[in-house]
Amino acid sequence: MSATTQTPIIPIKSSSEPPHVITPDAATVFATRAERFDQLAAGHTLSDWLHFLAAITRAQHQALQVLPPLALPAAATLALAREHRMPPLPAQSWPRDPLWRKSLLQIITGISDAAPEQARQDLARLAGYDAERIEALAERVLHTELYGDDAALLPYVAAALQVLWTAGAARLGVAEIAALDVPGVCPCCGFLPVASVVRRVGETSNLRYLHCALCNTEWNLVRVKCSSCDATEGISYRHLESGDIKMVGAVRAETCEACKSYLKIVYTEKGPVDPVADDLATLALDILVDEAGYARSGPNLLLVPGG
Ligand SMILES: [Zn+2]
Ligand SMILES: [Zn+2]
């Protein structure tokens, strides 16, 4: 059990204590990320790809704005999840609204013009798949089986699933999301974090939150602690000094000697960083820590591993 599990959920307004959980703002989360992708693309070696990711993220924003209000679990189910410290919208078992496939089609339509040739072919193939086949791809994303046949299609499927889960998290709000006994997974959906974010909340600076790779919920974790195995010894930080770096030190890799894993950490006080976009703009850092023998502990769903 971690030191954070006893922390009650405290709304920002009623206390100077930092909130344990921050749910995403559906009106801005993807729009802000799209802007950041475009900023990072300027002068970057992977400029074309980052601009395409901006287009995907903008399409996510549009799909989210037109998504009708989702049916959430019944009050009794939510109360039970809180009582047992279980995520209320578990990635692997929440009966997802088929509306998410409509979001997927909107995203495919929205990005086809901006897509490079290979991606355009992938998108056309995906658009031709029936519901059963698309749901099977969704299961692979939600079980983090991000390899094998059609792996190139998974980021688009994931983008649509992110829209659905982000809508769910935003609709639930912090009052319905309890801290879990396992600090390394999202308290809203049980998925893995994409990165950590160090930010100021109210009067308190330097707070560390893990950012969910699926639903964009953030949850507090003390600093200098491995999010994968809870170790507090043998944690170190690496960053890139040169290359496609706009702000030196704004993105670091937090490595753990105990479990040989790493996850990136982005520092919002250094500039307008985004855990998903800045992660993908610093793939050189992944290569560096990978070569040093560390394995990444949480996925970025917009990336095709090895792709
Ligand atoms: Zn989540
Ligand atoms: Zn560890």
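The values are calculated or read from the model by the stated rules, or taken from the named source; none is laboratory data. Note that the coordinates shown come from a computational prediction; the quantities given were computed from them, not determined experimentally. Backbone-built Cβ (ideal geometry, glycine too); neighbour counts: all protein chains shown. The accessibility values were calculated without ligands, DNA or RNA, using every heavy atom of the protein model including side chains. Shrake-Rupley method; radii C 1.70, N 1.55, O 1.52, S 1.80 Å.
Scanning the stretch 83-138 for residues that are β-branched (Val, Ile, Thr) and surrounded by fewer than 17 Cβ atoms within 10 Å (Cβ to Cβ) yields one hit, 109. Candidates in the stretch 191-228 are the residues that are surrounded by fewer than 16 Cβ atoms within 10 Å (Cβ to Cβ) and among the hydrophobic types (A, V, I, L, M, F, W, C); of these, the one that is nearest to ligand 1 (Cβ to nearest atom) is 222.
Taken over the stretch 270-295, the residue count meeting the criterion of being without any contact (Cβ under 8 Å) to a residue 12 or more places away in the chain and closer than 21 Å to residue 41 by Cβ is 1. Per the listing 94, 165, the residue uniquely of a type outside the set (Gly, Ala, Ser) and either assigned by TED's automatic domain parsing to the domain that holds residue 212 or closer than 22 Å to residue 277 by Cα (or both) is 165.
Please indicate, with yes or no, whether at least one residue in the stretch 267-277 is part of a strand (DSSP E or B) and assigned by TED's automatic domain parsing to the domain that holds residue 200. Checking the stretch 267-277: at least one residue is part of a strand (DSSP E or B) and assigned by TED's automatic domain parsing to the domain that holds residue 200. Just give me the residues in the stretch 65-98 being touching a residue at least 40 places away in the same chain (Cβ under 8 Å), in a helix (DSSP H, G or I) and among the aliphatic types (A, V, I, L, M), in sequence order. Residues satisfying the conditions are 66, 78, 81. Report yes if some residue within the stretch 127-138 is in contact (Cβ under 8 Å) with a residue 60 or more places away in the chain and touching a helix residue (DSSP H, G or I) at 6+ places or on another chain (Cβ under 9 Å); otherwise report no. No, the stretch 127-138 contains no residue that is in contact (Cβ under 8 Å) with a residue 60 or more places away in the chain and touching a helix residue (DSSP H, G or I) at 6+ places or on another chain (Cβ under 9 Å). Checking the structure you have, find out if any residue of the stretch 154-170 is more than 18 Å from the chain's Cα centre (by Cα) and either surrounded by 20 or more Cβ atoms within 10 Å (Cβ to Cβ) or modelled with pLDDT of 95 or more (or both). Scanning the stretch 154-170, I find no residue that is more than 18 Å from the chain's Cα centre (by Cα) and either surrounded by 20 or more Cβ atoms within 10 Å (Cβ to Cβ) or modelled with pLDDT of 95 or more (or both), so the answer is no. Checking each residue in the stretch 257-273 for being closer than 25 Å to residue 204 by Cα and more than 16 Å from ligand 1 (Cβ to nearest atom) picks out 264, 265, 266, 267, 268, 269, 270, 271, 272, 273. No other residue among 45, 57 is within 21 Å of residue 303 (Cα to Cα), in contact (Cβ under 8 Å) with a residue 40 or more places away in the chain and not in a helix (DSSP H, G or I) apart from 45.
Within the stretch 172-190, if we keep just the residues that are open to solvent by less than 10 Å² (accessible area, probe 1.4 Å) and touching a helix residue (DSSP H, G or I) at 6+ places or on another chain (Cβ under 9 Å), the residue that is nearest to residue 224 (Cα to Cα) turns out to be 186.
Residues in the stretch 225-259 that are within 16 Å of ligand 2 (Cβ to nearest atom), in contact (Cβ under 8 Å) with a residue 24 or more places away in the chain and hydrophobic (A, V, I, L, M, F, W, C): 7 in all. Restricting attention to the stretch 243-299, the residues being farther than 20 Å from residue 35 by Cβ and touching a His at 6+ places or on another chain (Cβ under 6 Å) number 2.
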